[in-house]
Each structure stands twice: as structure tokens, then as C-alpha cells.
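Enquirer: Structure below; questions to follow.
We did not get these values from a lab; they are worked out from the coordinates using the rules stated. What you are looking at is a predicted structure, and each value in this text was computed from that prediction instead of being measured. Virtual Cβ from ideal backbone geometry, glycine too; neighbours counted across all protein chains shown.
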Amino acid sequence: MLTSLALIFLIGSALASLAQLLKLPRIIGLLATGILLGPHVLDLLDPSILSVSSDLRQMALVIILLKAGLSLNIADLKKVGRPAVMMAFVPATFEILAYVLFAPSILHISLTDAAVMGAVMGAVSPAVVVPRMVALMEERRGTAKGIPQMILAGASCDDIYVIVLFTTFVAMAQGGSFHAGDLLQVPVSICFGALLGILAGILLSRLFDLTFHHGHMIRNSNKIILILGTSFLLLAAETWLKGILSLSGLLAVVAMACTLQRSAPSTVTARLSEKLGKLWIAAEILLFVLVGAAVDIRYTMNAGALAVLMIFLALSIRSLGVLLCLWRTPLNKKERLFCVIAYLPKATVQAAIGSLPLSMGLACGEIVLSVAVLSILISAPLGAIGIDATAARLLEKKKKPLSRSAERASLDHCNCSNTRFCTLRSRYSDKSAQSTSVIGNDHQHISRPKADEKP
């Protein structure tokens, strides 16, 4: 296993750097590393690491979701509440319908098999989308209208919806029947996942506060260990309660991080986010290389041009679903186009469940896997390149609020002897650069210029 890890980190880093030199996203180099080292090409990875590949990918995903939660401003998310909720299921529904309507005639499969294929293909990849949305939030790009927050929230939830539909359609393909009650698992999973995450966040916050008040300082590194341990328990709870209670472990992780962000001082959350960012450097390599290793490149040969046509047709119809979610929102045409691009990538879910129909012995198993592999190879680089290339052009950068030193520097002339009231003058200033005056040292005597008065 150690040799495999060495190859993953060394070759992955080299090819990721090469991709950056070619002005391409790092993910392309990492996916290429996984495909080359994986069992379907050079077969240089130890079977033991492949057997725990799914768990390792989840661990890496937890790190970036924690960082996302610590960076997520709930107030900004509330601004886009309705679109964020709709993004969790509407685009996926449109894409599944596209496969149901067109795949039988294009790929010559049955209606049920088309539904299974659509469910495999319907989810956006949080592994591709979330890191980029976190980076945009740190850059404050698009945050004024809550665009990264909206996409992040949708990408964290839509896989729940898709996986529920996948299990339902697979049961139908195996001779079972559809139960409308199964769809209730989606809101139940979201609600209980969020509640469990909030509870975990409150408990951790209380623990940190109690230790601080009793004179025992917990180092930020130890806090990260406690947070990671709790996150893994939340993911495990999803497995423990399977069949009893439906909940989303990944959503619970995000909810826990958001709760910590709201309860802790901004300086603390900033340091925790910084440490998670350092962990992500290694986790990113592990995540995408293992995703690439799960891709059986041989099945792309079996897919053919008709499969490529079907993928692009489904992505086009999916984009209509994204635009429907953004209807009657304050987003302009450029921002809506960015949302469409950001919701294209496929990788994580497709790599996880793409091979399941084949292992279950379904007639559509091979064609579903072929299309899933092809969609990863097409949409993951397409989405990643699209996000990186268009973010600066399509999204506005939110201006940082003035610091106290900047406020003082902005006051060129002041006859006031008290700096506190100079700052007051700055804060009361109008956006049109109209000046205000402070009389003496009494902050109650603040006058604004009259309507007909020149600045």
C-alpha cells in the first residue's frame, strides 16, 4: 500500500503541475494519473488500496466540505433560498427525463434501463464543484448575490435525490415495482442530516467554550482532529441507520461546519479553514487519483458516437433545468451562464455507482458503465475548465468592507479632535461621496448635506 500511496502522491503531483503549466485545471492531471496507475491500464496500485478507495474518497471529500461549511455565510445563502433548494433536484430531474425520453431510441435500450442510466448520470460531482466554489467564496467572487453558496448547497444535496431514484429504478429493472413513498426519503434525509449536523456543531462548540473558560486551551490542530473525527462519525451514522432512518452524512458534515462558523469568532474559523486548506492539498490528490482509478477506459470504446451525442443532449436539457431554477432571480445573463457551466461536471457519483448495474447482472449494465465512464472523461474536464476560465469574466468581485485603518486614511481633512467621531463621519458618508460633518466631539450632532447642497 505504501508504494501505491507514493506513486499516487508523486506522479499525481507531477501531472497536476504539468496540467497547470498547460493552463488546464489540476483535476485533469490527477484523473489521468488514476487512469494510468489503475487496474485497467498499468495496474500499479495495490488491491488493498483499491478495496478501501470509496472510504478514502469520502474522507477527502469531508475535508473540502468542512472547509466549505466554515466559509459559508448563512445570510448570503438565505438570499438564494428558493433557487438553492431547486438546484438540489430540478437539474437532475431534467437530465433523467432526457435519458428516459431519448436513450431508448438513440442507444436502443428499454425504458426502465434508460431510467437506470439517467439516475446514474443525474448527479453533479461535489468533488469537482465544491472546491471551486470554496475558492470563489474566498475570492469574494459572485458572493454578493450568493452564487457560489447556491451552487455549493445544490451540489451537496442532489446526490441524495439521485441515489434514491437509482435504487428505485434498479428495483424496477430487477422486477420490482415503484413506490412513491420512496421519494419521501429525500426530504427526510436532508432534514435529519441537517439536524444531526447542527446538534454535532453545537456540542463541539460547547466543548471548545467550556475548555476555554476553565483555562484549558485546545490547539487548533487538536480542534481539527476532533472535527474530523466527528465528521467521520456522522458519515458512519448514515450507514448504521440505513433501513431505519434516512439521513445524509455529507449534508450533516456541512451543517456541523456551518454551526461552528456561526458560534465561533471569525478569527478562529479562519485559522481552522486555513488548516483544512493545507490538508486539502494532499486530500485533493488522493480523491481525484482514486476517482480516475475507478474509471475503466476500455468501456469508452464500446460507447461510440451515439453515447457522446446522448451525453451532450442530456447536458443541454439539464442546463434548461438550471435556468428554470434561476427564473425570477436577480442574476444577470452572465451569472446564469456561469451557473449552467458549474453544474456540468460528473465524476464522484458516476464512479461510485456506475458499475453497480453490471455487478447486479442487469442487461443494461455494460452500456450504463460505458456511458458513465465517458461522461466523466467529457464533463469533468469540461466543467472544471469552464469554471476556472469563466469565473473572472462572468462573476463580479465583491468589494471588501473598509478596515479601520482604511477608514482613517479616507478622511483627508478633519477638524475633529477625536478619531472615534472621524470614523463615525466616514460610516455616515453617502455612496455618492457627499460629505457629512461632525460638530465638535458630540456624536449626536451629525449633519447630512441638504438635498440642494453641493458636496
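Enquirer: Using only Cα positions of region 32-155, each an equal point scatterer, no hydration layer, compute I(q)/I(0) via Debye at q = 0.14, 0.15, 0.16, 0.18 Å⁻¹ and quote the log10 values to two decimals.
Expert: Values, matching the q order: -0.84, -0.90, -0.95, -1.01.
Enquirer: Where does each of Cys325, Cys258 land when they are ranked from fewest to most other beta-carbon atoms within 10 angstrom?
Expert: Cys258, Cys325
Enquirer: Give me the tail of P(r) for the chain as a percent: Cα-Cα pairs with distance above 30 Å.
Expert: 50 percent
Enquirer: Could you tell me, in Å, what Rg and Dmax come out for the Cα atoms of region 16-89?
Expert: Using the Cα atoms of region 16-89, the pair Rg, Dmax is 17.8, 49 Å.
Enquirer: Where does each of His216, His40 land when they are ranked from fewest to most other beta-carbon atoms within 10 angstrom?
Expert: Listed from fewest to most nearby Cβ atoms, that is His216, His40.
Enquirer: Please state the Cα pair-distance histogram of region 83-160 with 5 angstrom bins from zero: what percent is in each bin?
Expert: Going from the shortest bin to the longest, the percentages are 3, 17, 20, 17, 14, 11, 8, 5, 3, 1.
Enquirer: Next question. Cβ neighbours within 10 Å, averaged per peptide: list 96-102, 275-281 in order, most packed at the top.
Expert: 96-102, 275-281
Enquirer: Expected output is a single nm value to one decimal: the length gained when fully extending between Met360 and Lys399, i.e. 0.36 nm times separation in residues minus the C-alpha distance. What is it?
Expert: Taking Met360 through Lys399 to full extension adds about 8.7 nm, to one decimal.
Enquirer: Viscosity 1.306 mPa s, temperature 10 °C: what is the translational diffusion coefficient of region 274-406 from Stokes-Einstein with a Kirkwood Rh over Cα pairs, rounded to a whole number of µm²/s?
Expert: Once the numbers are plugged in, D ends up at 91 µm²/s.
Enquirer: Still on this structure, please answer the following. What is the distance, in nm, between label points placed 7 Å from the Cα along the Cα-to-Cβ direction at Asn332 and at His214?
Expert: 5.5 nm
Enquirer: Taking the beta-carbon count within 10 Å as an exposure proxy, list Ser53, Ser379, Ser266 from fewest neighbours to most.
Expert: Listed from fewest to most nearby Cβ atoms, that is Ser266, Ser53, Ser379.
Enquirer: Separate question: Enumerate the amide H contacts of Lys397 below 5 Å, restricted to partners 5 or more residues apart or on another chain; note that Pro and chain-start residues carry no placed amide H.
Expert: Those qualifying (amide H under 5 Å, at least 5 residues apart or on another chain) are Gly142.
Enquirer: Can I ask one more? Specify the angular offset, from 0 to 90 degrees and rounded to the nearest 10, of the alpha carbon long axis of helix 333-342 from the longest principal axis of the alpha carbons in the chain.
Expert: In the chain, helix 333-342 runs at an angle near 40 degrees to the longest axis.
Enquirer: What nm value, rounded to one decimal, do you get for the distance between Lys242 and Val41 when each label is placed 7 Å out toward the C-beta?
Expert: Label at Lys242, label at Val41, 3.0 nm between them.
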